[in-house]
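J.: Right, I'll just put the structure down here and ask away after.
The values are calculated or read from the model by the stated rules, or taken from the named source; none is laboratory data. Keep in mind that what you see is a predicted model, and the values were worked out from it rather than measured. Cβ sites come from the backbone with ideal geometry, for glycine too, and all protein chains shown count toward neighbours. Ligands, DNA and RNA are excluded from the accessible area calculation, which covers all protein heavy atoms including side chains. Shrake-Rupley method; radii C 1.70, N 1.55, O 1.52, S 1.80 Å.
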Amino acid sequence: MKLKYLFGILTIFLLLPWSLVVIPLSVERTTLFYLSEIIIIGTLVFILYFYRKVIRPLDTIANGMDLLNEQDFSSRLKKVGQKEADRVVEVFNRMMVQLKEERLRLREQNHLLDLLIEVSPMGVVMLDFNHRITMANRAALRLLNTENEEELKGKLFEEISSPLAGQIALLPTEETRTVRLSDAKVYRCSHLSFIDRGFAHPFILIESLTSEVVKAEKKAYEKVIRMIAHEVNNTVAGVTSTLDTVKGILEADGKSADLCEVMSVCIERNLRMSRFITNFADVVKIPEPNLTDINLNDAVNGCRVFMETLCREKQIQLKVELDPSELQVSMDRGLFEQVLVNIIKNSAESMEGTTGTITIQTSAENPMLVIADTGKGIPQEVESKLFTPFFSTKPNGQGIGLLLIRDILDKHRCTFSLRSYPDGWTRFKISFPAAAQV
């Protein structure tokens with residue numbers, strides 16, 4: 001009950017006895033008048049006491065409940081002059097101070113967490129209970145090959161046209177896997193969850209491990225190759241020299257023609273072994289590129305004669321479709337030609353025993369070079385192993401061709417991918433950085 005309503009009621013009670021003045025007062029009426037006044041005054045005192053002890057504290061507590069409902073933690077309650085009620089007010093005000101400080105602390109922590117997530121090099125993707133994307137930071141957008149977060153919101157990973165998204169879609173809850181894609185990129189993907197308001201909220205962490213894995217692999221195979229090349233070349237050189245000396249002696253005597261032929265075969269075999277080991281050693285000795293601004297179309301045309309000869313021998317049709325725009329890129333032309341020749345050679349070998357088509361296209365967008373073939377294609381389970389050291393699907397393959405290509409393109413800061421598409425074409429895509437950025 002509000003104070004103004006109380007005073008209104010008291011005023012009515014005080015005025016009622018004076019209505020008796022209109023009638024001439026007798027002794028009985030005078031006594032009745034004073035008795036009424038005493039009762040009314042007593043009632044008023046009781047009502048004031050009741051208001052102060054009960055109504056006013058309850059009204060104050062009600063105001064406090066309103067503040068809590070409105071989450072207004074800055075306001076405070078005034079003391080009402082009643083000991084028990086003032087203790088409640090004091091506790092309530094302390095609680096409001098703590099709530100305000102806690103709210104401010106949580107807001108600052110959330111702001112800091114948002115900043116850390118946004119600038120983190122690790123991709124962070126938040127999901128709803130249906131595993132649809134609700135938020136993705138900048139690193140995740142980059143790793144999923146998109147620039148706009150709105151393109152991902154509300155989608156399942158199965159609905160995103162990205163090789164990495166396809167692998168994440170297969171990741172079970174509360175599990176971490178290392179994923180290697182057909183572009184030689186390596187990622188550690190984790191499907192985790194955190195508890196919020198009693199519910200487990202799923203999220204995805206994506207960490208790029210490409211540089212660390214490549215460095216570790218290169219360090220390992222460089223050491224192995226150096227050791228093998230040193231031992232084998234030294235042994236082969238000594239054996240070849242001895243065989244050559246024995247062969248010369250036999251030829252001088254004019255005897256044992258068959259034995260001389262055997263010596264020649266052994267010498268040739270040793271030389272082949274030496275060249276085999278040298279091929280591995282060449283992967284380790286890739287020089288740093290001497291970058292110059294050149295026209296991408298001119299670089300492709302520089303290898304055209306060799307590529308046409310290789311395709312003609314295997315009865316493969318070669319198509320070259322060059323963008324008429326000026327495609328200036330920064331590259332080492334010698335190393336680039338080595339990459340181009342290896343890719344064409346691999347494409348031609350994928351069509352062994354059959355005729356087919358190889359196309360070379362340049363595009364001003366990025367700029368980009370695409371080499372496509374109609375070969376037998378790459379099985380999906382093999383794509384992730386293509387750029388692994390010494391992995392090969394060929395019976396006599398050494399597994400160093402794609403390794404050489406990967407290292408050279410990495411030195412040029414190029415992004416690339418090799419995969420087969422539903423239209424039956426296998427495409428090797430190479431995107432070059434702008435000439436001014438290298």
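J.: Taking R0 as 22 Å, what's the FRET efficiency between residue 211 and residue 122 from their Cβ-Cβ distance, rounded to 0.05? Each step should come with its number before you reach the end.
T.: Values: r = 14 Å, r/R0 = 0.63.
So the FRET efficiency works out to roughly 0.95.
J.: I would also like to ask the following. Can you tell me how much longer the chain between residue 333 and residue 370 gets when fully stretched, taken as 0.36 nm per residue apart minus their C-alpha distance, in nm with one decimal? Numbers along the way, then the final one.
T.: Details: separation 37, 0.36 × 37 = 13.32 nm, distance 1.72 nm.
Result for the pair: 11.6 nm of gain on full extension.
J.: Grab the Cα-Cα distance for residue 111 and residue 252, subtract it from 0.36 nm times how many residues apart they are, and report the gain in nm with one decimal.
T.: Numbers: separation 141, 0.36 × 141 = 50.76 nm, distance 8.96 nm.
Additional length available on full extension: 41.8 nm.
J.: Using only protein heavy atoms and a 1.4 Å probe, report how much of residue 194 is accessible, in Å² to the nearest 10.
T.: We get 80 Å² for residue 194.
J.: With r as the distance between the Cβ atoms of residue 222 and residue 242 and R0 = 35 Å, compute the FRET efficiency 1/(1 + (r/R0)^6) and round to 0.05.
T.: Details: r = 31 Å, r/R0 = 0.87.
Plugging the Cβ-Cβ distance into 1/(1 + (r/R0)^6) gives 0.70.
J.: While we're looking at this one, here's another question. So how far apart, in nm, are the two label points at residue 305 and residue 79 if each is 7 Å from Cα heading toward Cβ?
T.: Rounded to a tenth, the inter-label distance reads 10.3 nm.
J.: Okay, next question. Mind putting a number on the dipole of region 95-183 about its Cα centre? Charges go on the C-beta only, +1 for Lys and Arg and -1 for Asp and Glu, and I need it in Debye to the nearest 20.
T.: Working: 11 positive and 15 negative charges, 37 e Å.
Roughly 180 debye, rounded to the nearest 20.
J.: Next up: Describe numerically, in nm with one decimal, the distance between label points set 7 Å from Cα along Cα→Cβ at residue 234 and at residue 357.
T.: Between residue 234 and residue 357, the label points sit 5.5 nm apart.
J.: Quote to one decimal, in nm, the extra length available between residue 388 and residue 423 on full extension: 0.36 nm per residue of separation minus the C-alpha distance between them. If you can, show how the numbers build up before the last one.
T.: Numbers: separation 35, 0.36 × 35 = 12.60 nm, distance 2.60 nm.
Stretched out fully, the residue 388 to residue 423 stretch lengthens by 10.0 nm.
J.: Given a cut-off of 21 Å, what percent of all Cα-Cα pairs of region 292-437 lie beyond it? Before the final figure, lay out the partial values.
T.: Working: 4391 of 10585 pairs.
For region 292-437, the share of Cα pairs beyond 21 Å comes to 41 percent.
J.: A further question follows. Can you work out ³J(HN,Hα) from phi for every residue in region 158-172, in order, using Karplus 6.51 cos²θ - 1.76 cosθ + 1.60 and θ = phi - 60°, giving whole Hz and x for Gly and Pro?
T.: My calculation for region 158-172 gives 5, 8, 9, 7, 9, x, 5, 4, x, 6, 5, 4, 8, 7, x Hz in order.
J.: Could you check the spin-label model distance between residue 39 and residue 99? Points 7 Å from the Cα along Cα→Cβ, value in nm.
T.: In this crude spin-label approximation the distance works out to 4.6 nm.
J.: With the full set of protein chains in place, find how many percent of the accessible area of region 120-196 is carbon and sulfur; take the probe as 1.4 Å. Show your work: numbers first, answer last.
T.: Values: 1990 of 4040 Å².
Here carbon and sulfur together make up 49 percent of the probe-accessible area.
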